[in-house]
Ligand code: FES
């Protein structure tokens, strides 16, 4: 199973096993990663599952869909590498993926 590292808001690195097919948000919630709120449960309507994808992984995760981009407008401190973690589905080739959780969610 792919290993994903979440860097929590205080800098703690949490390496967790992810189930391919699950979303990054589900993986974070299942493992008690701090800083992911996911108020809407993955419906892409809350922007409280915001993460920053480490630069070297952007090509693998890809960018946001137009719907996700619209929702990201409601997230705090959006950057070029911002994604909503409920919109990233884990694949085997994401083994080693690193994402950072922001200090604050929308
Ligand atoms: Fe609400 Fe991702 S969980 S947008």
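All of the numbers you see were taken from the coordinates with simple rules; none came from a lab. Everything quoted here is computed from the prediction, not taken from an experiment. Cβ: placed from backbone, ideal geometry, glycine included. Neighbour counts: every protein chain shown.
How much length is gained if the chain between residue 93 and residue 1 is pulled fully straight, taking 0.36 nm per residue apart and subtracting their Cα-Cα distance, in nm to one decimal? Each step should come with its number before you reach the end.
Details: separation 92, 0.36 × 92 = 33.12 nm, distance 1.00 nm.
So the extension gain works out to 32.1 nm.
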Exercise for review: Would you please put 22-35, 56-69 in order of how densely packed they are, using the mean number of other Cβ atoms within 10 angstrom per residue and starting with the highest?
Suggested key: 22-35, 56-69
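Could you compute the FRET efficiency for residue 65 and residue 22, with r as their C-beta to C-beta distance and R0 at 22 Å, rounded to 0.05?
Numbers: r = 18 Å, r/R0 = 0.83.
Given R0 = 22 Å and the Cβ-Cβ separation, E is 0.75.
Applying a 10 Å radius around every beta-carbon, put 11-21, 45-55, 71-81, 86-96 in order of their mean neighbour count, most first. Kindly include the intermediate steps, with their values, before the conclusion.
Details: 11-21: 12.9, 45-55: 21.4, 71-81: 14.8, 86-96: 17.3.
Put in order of decreasing packing, that is 45-55, 86-96, 71-81, 11-21.
Tell me, what is the percent relative contact order of the chain, built from C-alpha pairs under 8 Å that lie six or more residues apart?
On the way: 224 pairs, mean separation 44.2, N = 106.
After rounding, I find 42 percent.
Which whole number of Å³ per residue matches the convex hull of the alpha-carbon atoms in the chain? Before the final figure, lay out each step's value.
Values: hull volume 9.0 nm³, N = 106.
Hull volume normalised by residue count: 85 Å³.
Stick to the Cα atoms of the range 1-47, pair each with every other, and give me the Kirkwood hydrodynamic radius in Å at one decimal. Don't jump to the answer; show the numbers that get you there.
Working: mean 1/r = 0.0892 Å⁻¹.
Here the Kirkwood hydrodynamic radius works out to 11.2 Å.
Can you give the helix-only mean residue ellipticity at 222 nm for the chain, where every DSSP H stretch with n ≥ 4 adds -39500 (n - 2.57) and the sum goes over all residues, rounded to the nearest 500 deg cm²/dmol?
Value at 222 nm, helices only: -4000 deg cm²/dmol.
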Practice item. Kindly state, as a whole number, the per residue volume in cubic angstrom of the convex hull around the alpha carbon atoms of the range 55-106. Key: 82
Practice item. Please give, to one decimal in nm, the separation of the simple spin-label points placed at residue 14 and residue 80, each 7 Å out from Cα toward the Cβ. Key: 2.8
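Answer rounded, prolate or oblate for the range 31-75, using the Cα gyration tensor with square roots of eigenvalues a ≥ b ≥ c: rounded when a/c is under 1.5, else prolate when a/b is larger than b/c, else oblate. Before the final figure, lay out the partial values.
Details: a/c = 2.15, a/b = 1.16, b/c = 1.85.
Cα axes put the range 31-75 in the oblate bin.
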